[in-house]
Amino acid sequence: MSYRKQPKLLGARVRRVEDPRFLMGKARYIEDIELPGMIDAAFVRSPFAHAEILSVDVSEALAVPGVIAALHGQDLSGRVKPTVCDAISDGWQSSEFPALAIDRVRYAGEAVAVIAADNRYLAEDGAALVDVDYEPLTPLASVEAAQEPTAPLLHKGWKGNYFYRDRHAGGDPDLAFSNADGVLEIELATRRHGGIPMEGRGCIAVYDPIERVLTLWSSTQIPHLIRSELANCLGLPENRVRVIAPDVGGGFGPKSHLNPEEVAACVLAMDTRRPVRWIEDRREHMLACFHSREHYHKARVAYSEEGEVLALSAEVTVDCGAYSVYPWTAALDPGMSLFIMPGPYRIRNFRCETLAVATNKCPYGAYRGVARSANCLTIERAMDAVADALGMDPVEVRKRNLIRDEEFPYTSVSGFVYDDTSLIESLDKVCAEADYEGMRERQRLAREKGRLLGIGVVTFIEQTAPAVDEGVPINFRYDSALVRLDPSGSATVQLGTHSHGQGHETTIAQIVADQLTIPLDQIRILYGDTQQTAQGIGTFASRTAVVAGGAAHIASGQVRDMLAERGAHLMEAAAEDVELVDGRVTVRGSGTRGLSVAEVARATYYHPELFPFGWSPLLEAAGTFDAGHGTYANASQIVLVEVDPETGAVEILEYHIVEDCGRMINPTIVEGQIHGGVAQGIGGAFFEELIYDEQGQLLTTSFMDYLIPGPTELPDFRISHLETPSPTSPNGIKGVGEGGAVAPYAIMAAAVQDAIRPIGNVFVNELPLTPERVLGFVDRAAGRTDREARRSG
Amino acid sequence: MDDVLRQGVEIRLTVNGRKHREVVEPRLLLADFLRQRLGLTGTHLGCEQGVCGSCTVVVDGETMRSCLLFAAQMDGSGVETIEGLADDPDRLHPVQQAFWDHHGLQCGFCTPGMVLTAKALLEENPEPSGAEIREALAGNICRCTGYVFIVDSVKAAAETMASNAPRGESP
């Protein structure tokens, strides 16, 4: 009898096992869950960016037939703790973020009161009748306004309107600047935008007064972290709080926070003893789902005549909005910028000062590629500026500065220990894939015909599954997996992470299948319920394949060893003489077929008498993987665009990507992640902007005025892979979720600048590159030469 | 005014081939009617402003946004939702199958609207070019995929549907 050897699944383009429920409309997102007696909540939100609350009157709302309950800030004061999420730093100022504003509102859209009613239509009717008396205060709607000496202080006990200021230095920047052949200064801005998943935020809170258990269903990436802070805010032990994240319609970072609305929904559920559902609409999402990306950078760059960057000195200012959010704190983007800006380059002298400014805008949270995209923009634009100053090719300048293969592991000036990557190889490869020389020739010919073609080149290194040991309230180094083999020989794997599009039900199963040698369809991956999984952290920061994949690999390896030991005992062989092949425990070299995994499992669970007394009848293991400070992925990209100088429109003609995320579990899923990340990056590079006016009113509250790229705005991306295994993670896996989103800002700025070069030299330094901004750069190029990027004498 | 709002309107309509007779509030959106009254939660609300296309359904043969229609307008109509395409993962519609085979979805939230829009395209234009596919899907936003594999999926579905078509019909 013969049987086919199961091919190794790690690296295979396996079709996703989770897809049918999504394709058939049978997935269960938060709004699809119906519970008996459920009522709907609608929030009353502040129309002012900054105001005192004088009074809140909910009596008219409560009179609406069908309205069941109302809450406002004073009702929660003293009963529910506000969220206090502090970074641990001398430069930090603490502040409180209440679930419902108590005496002051600090951004337009902040939740002031909430109405619960039989359905959402009635809840909105009620919310419209809540009477709030405000005394408007001076709105601080920009970094500049918040830093005016006369600006009112946004939080109690503060000495200025900032959450956090810090600095970092390595090497001797002053000496390097004084010895340099040239120094240039650049300024860059990326405007506020965000992850904007297609499914907005939402939750259902249920309280069981007999068991004293609070259950929160939430559209979240981080169920365990939500449980911890919810328990803290409500004063409950964590074993009486259960958080369930069902199918989640896109995460991207915005769903990795505790939302104040969720705390309020829990209080309503405890008060009314009814399940309370809150599903935000798109306007609420734009106003109040935490924003990202608003960076202002100033950088000085010292370089040699050979094109080596000798020193980098930077000031990073981030508009962090009104509150510090859980679990990231307002130090998230500015703190990370202190260390990541030098990127993949051999820069030995670096200084960075960072400032997290508090303003009357929506709080600032996580979005795919946290701080990376803005820092990639700065360092890559610096490389381009050096190339322009010296008349060198941008590829050549990068090659002269990239860390060389023989230098790994390489300790960066900011203290990262970069391990194996393919920086130079990826740049060479993307030049070959794009036919870079040929592309330059095509550009030259097009320019002769008056067409404005531009080329952008970017190389970056990305810490995936990152964690830091200092300064943060929670250290995210690990995640968990419970692997349980049942008596039939099929496996259930419970993860501490969550999957919301990344395909972990497939990829983690691929890892486990290789360990247990059983078919993919005998493995079920579960996640998202704190009551059913081991303590975990969640899915963000390109971490799940590394940490949950690592944990699942380790735990299923332990179960494999248990199977081998028990199988060996049943076959009266030595444990070291047996192996697990194709779902069977066999004696190595014996030629017999041995015992199937199912036979061993059944014997273990139902016939303990066959084994020595005291052997555990449980074929299960809990595993964790601690990724330390993370793994290092890298990529190089080349883009070709055409600019229309009359309309300011930019067309992407070609987009070439060479990525290296280490060993790939499933190349198709890797490609999907890259496509999606680049698409979001292109959104931020060209279209997406959350625009506030001077009064702190958000002007972009619908998809009519906040533009997300559609199918006709995006090109076919051409991806090829390199696989440089991580030396530290099981299977050599690195993360890939965010990588695509890192480079587009830098690459599009470079390409647009290159395109309009025949008109004149200009330094493209502000995104998104809307037609209006592109025309502004075209005008400046036509009128005068580059002012920002200059070579100082 | 409250009384007017709460007054019921009787409608008779067919949804996925099943006849329904319901009394609805005039302001009840078609999307909410399908989701809450009929339990057809595959129709998703992504913006409630008629822009994102997640709530796309087919009304009397035309793709429409169920967030911009009232249930009361549907009297006498036939509505098709994603649930009407297949009831067994082994018998998916060719468009669904192609999305599965070509990784045309990630989080899945926009997928029902994408699938219904793609199906409508292929019924009208059995051999669309890549550009025609992108144009046809331009009113459906996907935040996960960057659309590359969606376009691949629709191309593949076109091929399957062409090869399944009775001989002599396709050119």
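The values are calculated or read from the model by the stated rules, or taken from the named source; none is laboratory data. All figures in this text were calculated on a predicted structure; none of them were measured in a lab. Here the Cβ positions follow ideal geometry from the backbone for every residue, glycine too, while neighbour counts run over all protein chains shown. Please note that ligands, DNA and RNA were not included when accessible areas were found on the heavy atoms of the full protein model with its side chains. Shrake-Rupley method; radii C 1.70, N 1.55, O 1.52, S 1.80 Å.
Structure values in brief
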| item | result |
| --- | --- |
| Cut-off 15 Å between beta-carbons: net charge of the residues surrounding residue A:211, Lys and Arg +1, Asp and Glu -1 | +2 |
| Accessible area buried between chains A and B, both sides summed, probe 1.4 Å, in Å² to nearest 100 | 4600 Å² |
| Counted charge near residue A:15, where neighbours are those whose Cβ lies closer than 12 Å (Asp, Glu -1; Lys, Arg +1) | -3 |
| DSSP-defined beta bridges in the protein assembly as shown - what % are antiparallel, rounded to 5 | 80 percent |
| For segment A:396-521, size of Cβ-based charge dipole, Lys and Arg +1, Asp and Glu -1, in debye | 800 debye |
| Accessible area per residue, Å², segment B:85-171 with all protein chains present, probe 1.4 Å | 42 Å² |
| Amide H partners (placed H, <5 Å) of residue A:500, local residues excluded | none |
| Directionally averaged projected area (convex hull, Cα atoms, segment A:286-418), nm² | 8.7 nm² |
| Listing of segment B:105-145 residues, each with accessible area lower by at least 40 Å² in the full protein assembly than in the chain alone (probe 1.4 Å) | B:105, B:106, B:107, B:109, B:134, B:141, B:143, B:144 |
| Under-5 Å amide H pairs with residue A:310, H placed in peptide plane, nonlocal only | A:302, A:303, A:304 |
| Which listed pairs, of A:255/A:361; A:255/B:155; A:26/A:81; A:159/A:255, have C-alpha distances above 26 Å, in listed order | A:255/B:155; A:26/A:81; A:159/A:255 |
| Hits among aspartates and glutamates - C-alpha to C-alpha of residue A:399 under 13 Å, sequence gap 8 or more where chains match | A:306, A:308, A:380, A:384, A:425, A:428 |
| Loop-exposed chymotrypsin sites (Phe, Trp or Tyr not before Pro) per DSSP, neighbour cap 12 Cβ within 10 angstrom, longest uninterrupted part of chain A | A:4-612 |
| Å² of accessible area per residue within segment A:635-793, as computed with a 1.4 Å probe and no ligands counted | 32 Å² |
| Carbon plus sulfur fraction of accessible area for segment A:542-627, probe 1.4 Å, in percent | 53 percent |
| 1.4 Å probe, heavy atoms, protein only - residues of segment A:241-268 losing at least 50 Å² accessible area vs chain alone | none |
| Segment B:80-85 - phi-based ³J(HN,Hα) in whole Hz, Karplus 6.51/-1.76/1.60, Gly and Pro as x | 10, 10, 4, 5, x, 7 |
| Delta accessible area of at least 20 Å² on complex formation, residues of segment A:169-209, 1.4 Å probe, chain isolated as reference | A:198, A:199 |
| Chain B pair-distance distribution - Cα-Cα, 10 Å bins, rounded % | 10, 37, 32, 15, 4, 1 |
| Partner aspartates and glutamates for residue A:156 [C-alpha distance under 17 Å; skip if fewer than 8 residues away on the same chain] | A:52, A:86, A:96, A:103 |
| The protein assembly as shown - charge dipole about Cα centre, Lys and Arg +1 at Cβ, Asp and Glu -1, debye rounded to 20 | 1120 debye |
| Neighbourhood net charge (13 Å Cβ-Cβ; Lys/Arg +1, Asp/Glu -1) for residue A:424 | -2 |
| Calculated log₁₀ intensity ratio I(q)/I(0) where the Debye formula runs over C-alpha points of the protein assembly as shown, q = 0.07, 0.10 Å⁻¹ | -0.60, -1.24 |
| Nearest-ten-degree value, helix B:148-164 long axis tilted from longest Cα axis of chain B | 80 degrees |
| Sequence-distant residues sharing a close amide H with residue B:29 (under 5 Å, placed H) | B:71 |
| Modelled FRET efficiency - R0 60 Å, residue B:12 with residue A:599, Cβ distances, 0.05 increments | 0.55 |
| Among A:147-154, B:146-153, the order from most to least packed when residues are scored by Cβ within 10 Å on average | B:146-153, A:147-154 |
| Compactness index (Cα Rg / 2.2 N^0.38 Å), segment B:2-84 | 1.01 |
| Aspartates and glutamates whose Cα lies under 12 Å from that of residue A:429, excluding same-chain neighbours fewer than 8 positions away | A:659, A:660 |
| Dipole of segment A:693-768, positive end: most advanced residue of A:755, A:715, A:732 [Cβ charges, Cα centre] | A:732 |
| Calculated from backbone phi, Karplus (6.51, -1.76, 1.60) coupling profile of segment B:19-25 in Hz, x at Gly/Pro | 7, 10, 10, 9, 10, 10, 5 |
